[in-house]
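Enquirer: Here it is: the structure, laid out below.
Read-outs throughout are calculated quantities, based only on the coordinates presented, and are distinct from any laboratory measurement. This is a predicted model, so every value here is computed, not measured. Glycine also receives a Cβ, built like all others from the backbone with ideal geometry; neighbour counts cover every protein chain displayed.
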């Protein structure tokens, strides 16, 4: 080693020793993921599972995005009780939920953001801004910075930790709180599905890393050529060039190879370890799907449920994957945004029919029966059908049903009930 080389090595040594040890990296000391890390996110697999880290797994990301986007795009209405079932369009709660939750979010973004935090942390909070007895807007709060507590008189208060370190205490009336299943003393704090499933998520993340290491460091050759004698450098180069020029690429696919001097070709098959690795990744994907109640086919996995059973699969997902979240939203709206008198008059309702629309043929058959086709008892008018199809109401006089049409225009007696 020359003098210049020794000088360079001596100069580089302190720099190498000053590098931080590899480990979890956080944006700042106030990062919310740092709090998750300090609370103990390490799993048996050695992976630290935080909410942000968990979303790097494609199975969990698909589960979360599917549920959040479904909740976000479904209409959420305030409905007036009674025979008319009319939307309470003049009520402030309806306008906040349906039109403008706040100055920086539309209804879709507000609902999907709240649902995301509910799934990841078990709780989602939004501050309710009142003007007298009127709700004017709702501001989402970081779930990891809000702590619900029970007062001595069994009322609830919420402590919000501001970025400057101070604590803002809010009454229950000022906080819209969506909570998942809870096992604390008073059932106030919902359980985080990410934390409860962190072992399965940790294994999935480690399996994902293992797959990455295979592509980075593993031998990806498809086979080997065996020669009975030792090859010199020129012979080795000639064979390599021949393979590259004559047999590599899509244009040479399935082209026969000519071998000389007793050379043999052997194709490498996938090993049992490779198959087991793929099976393990699929199993961890299923474990995560169970935690969030999402069927396998909706995770874009190869499954026989696709095809004729997809309609029933969609119904299954709504009933067992989304319905309980509908109830959480609807109950909290009634509890926090409506007073006792208004609860007797109004109720909140998700319109899940937006996810249950079949093919045009199925819809045509349903609406025909709804209008009284085939002698069945009609239960819809033509304008109600047009409204469900997002069509303008007919300006011409529209028959209320097939029954009234038959009675008014012909001598055929109307169907009897």
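Enquirer: What does the convex hull of the Cα atoms of the stretch 135-201 come to per residue, in Å³, rounded to a whole number?
Expert: Hull volume over Cα atoms, normalised by residue count, gives 128 Å³.
Enquirer: Sorting check: for 180-190, 101-111, which peptide has the highest mean count of neighbouring beta carbons within 10 Å, and how do the rest follow?
Expert: By packing density, highest mean first, the sequence is 101-111, 180-190.
Enquirer: Rank the residues 281, 341 as a footprinting-exposure proxy: fewest other Cβ atoms within 10 Å of their Cβ go first.
Expert: 341, 281
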